[in-house]
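A.B. asks: Sharing a structure below in structure tokens format, with a few things to ask.
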Amino acid sequence: MTAAAGGTETVRVDLGARAYDVRIGDGLLARAGAEIAPLLRRPRVAVLTDETVAGLHLEALRAGLAGIEVRALALPAGEATKGWPEFTRAVEWLLAERVERRDVVLALGGGVIGDLAGFAAAVLRRGVRFVQIPTSLLAQVDSSVGGKTGINSAQGKNLIGAFHQPSLVLADVGVLDTLPARDFLAGYGEVVKYGLLGDADFFAWLEADGPALARGDRDLRQRAVAHSVAMKARIVERDETEEGERALLNLGHTFCHALEAATGYSGRLLHGEGVAIGCALAFELSQKLGLCSQEAPSRVRAHLRAMGMKCDLSDIPGDLPGAEALMALMAQDKKVEDGRLRFILARGIGSAFVAADVDGGTVQRLLSEALARR
Ligand code: GLY
């Protein structure tokens, strides 16, 4: 990682011909033109965003892109956008705007927009370049980096998509100030995930500095984003298409995807909230399987609670289906192989691993117990 003038940091994702920089700093929207211009063959970009983000940040981006023609489409905000109807609308709009093979699409928004716009760029004219400008904490630390793009199916989340690496990521930590506290904390679930999966010191740092970071300290926020992105970059470099190690980034996600499906991808449970609950359940499962001490899941839940985050099924409002139904939802997860559930388990904080042979009965008992706590 290198620090550059103005405090902006750069994390290189070294993927040979598909290598790119993730720039992390305050005020990057205002400098977007200088950052993006080297990629452009003509002074024109197409921006995909959502209506909420457009209201907050599109004018600042336009100002930052002075001298570059900006065409923009704002889709409805929310997870429901990440499906075929809005995807079709976005692709048809890009074609109507005459976006050419050598042009660049900008994804301005959170994970929904980044995933949808990246997939649109992947298939448009068999692939155009795109730049991620993530505006949520979740997108800055996870979804904008690593090239996973796609949309949801009625059968489940992210089941339609492609690997398509961005050409540049601009993570402006200043825009995080506009996030509602709940969305910020949901993104923080993904930050905690990095500590839990591979860096106990980072988790300890979050235990100490997480509350100040959540209150708005920009330096701490930048440090957390840069560290998370650097961890993700190293994993993606070693395993771009998730043949092995990259699956560690799915810590908590098997539980999370089932809970998101069970709550109808609604405001009852945000993705990052599901990740946080999923991480706590993954540590509890690891402890039940005798892999880690009782202290580990307790410490995970204590930190999430101290941050004011959801950390158990009892924190999800409304009804949930039974353990058997949740198991059935997990069976649709992309991490199923030969009908067997793969889980990310842990031998302790910072020591996660991929387990392909988890006993379904133990998982179902864990879920029954968690449901009984409601
Ligand atoms: N969000 C998990 C990954 O990018 O692999």
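A.B. asks: Measure nothing fancy, just the Cα-based angle from helix 84-96's long axis to the longest principal axis of the chain, in degrees from 0 to 90, nearest 10.
C.D. replies: 20 degrees
A.B. asks: Which of ALA17, ALA122, ALA280 ends up with the largest GNM mean-square fluctuation for the chain, with Cα atoms connected below 10 Å?
C.D. replies: The residue with the greatest mean-square fluctuation here is ALA17.
A.B. asks: Gain in length, THR10 to ARG98, computed as 0.36 nm per residue apart minus the alpha-carbon separation, to one decimal in nm?
C.D. replies: 28.5 nm
A.B. asks: May I ask for the angle, rounded to the nearest 10°, between helix 271-288 and the longest principal axis of the chain, with both axes built from Cα atoms and the value confined to 0 to 90°?
C.D. replies: 30 degrees
A.B. asks: While we're here: Taking the solvent-accessible surface of protein heavy atoms with a 1.4 Å probe, what is the per residue accessible area of the stretch 199-345 in Å²?
C.D. replies: 38 Å²
A.B. asks: Counting each DSSP H run of 4 or more residues in the chain as -39500 (n - 2.57), what helix-only mean residue ellipticity at 222 nm follows after dividing by all residues, to the nearest 500 deg cm²/dmol? Intermediate values should be presented prior to the final figure.
C.D. replies: On the way: 12 runs with 153 residues, N = 374.
Dividing the helical sum by the residues of the chain leaves -13000 deg cm²/dmol.
A.B. asks: Okay, moving on. Tell me the label-point distance for the pair SER314, LEU371, using the 7 Å Cα-to-Cβ offset, in nm and rounded to one decimal.
C.D. replies: A separation of 1.7 nm, rounded to one decimal place.
A.B. asks: How would VAL112, VAL275 rank on accessible area, largest to smallest, probe 1.4 Å?
C.D. replies: Accessible-area ranking of VAL112, VAL275, largest first: VAL112, VAL275.
A.B. asks: How much area per residue is accessible in the stretch 67-127 when the probe is 1.4 Å and only protein heavy atoms are counted (Å²)?
C.D. replies: Working: 2580 Å² over 61 residues.
Normalised by residue count, the accessible surface of the stretch 67-127 is 42 Å².
A.B. asks: Oh, and also: Applying 1/(1 + (r/R0)^6) with R0 = 56 Å to the Cβ-Cβ distance of GLU324 and ASP219, what FRET efficiency is obtained, to the nearest 0.05?
C.D. replies: Efficiency at R0 = 56 Å is approximately 0.75.
A.B. asks: Given R₀ = 30 Å, what would the calculated FRET efficiency be for ARG182 paired with THR88, taking r from the Cβ atoms and rounding to 0.05?
C.D. replies: Working from the Cβ atoms, E equals 0.50.
A.B. asks: Give me the percent of accessible area attributable to carbon and sulfur for the chain, probe 1.4 angstrom.
C.D. replies: 50 percent
A.B. asks: Next question. Rounded to the nearest 10 Å², what accessible area does TRP205 show when all protein chains are kept and the probe is 1.4 Å?
C.D. replies: 40 Å²
A.B. asks: While we're here: With r defined as the distance between the Cβ atoms of GLN155 and ALA17 and R0 fixed at 41 Å, what FRET efficiency is calculated, to the nearest 0.05?
C.D. replies: Efficiency computed from Cβ-Cβ geometry: 0.75.
A.B. asks: Using only Cα atoms, tell me the angle between helix 295-306 and the longest principal axis of the chain; keep it within 0 to 90° and round to the nearest 10.
C.D. replies: 50 degrees
The values are calculated or read from the model by the stated rules, or taken from the named source; none is laboratory data. Note that this is a predicted model, so its numbers are computed, not measured. All Cβ positions, even for glycine, are placed from backbone atoms using ideal geometry, and neighbour counts span all protein chains on display. Please note that ligands, DNA and RNA were not included when accessible areas were found on the heavy atoms of the full protein model with its side chains. Shrake-Rupley method; radii C 1.70, N 1.55, O 1.52, S 1.80 Å.
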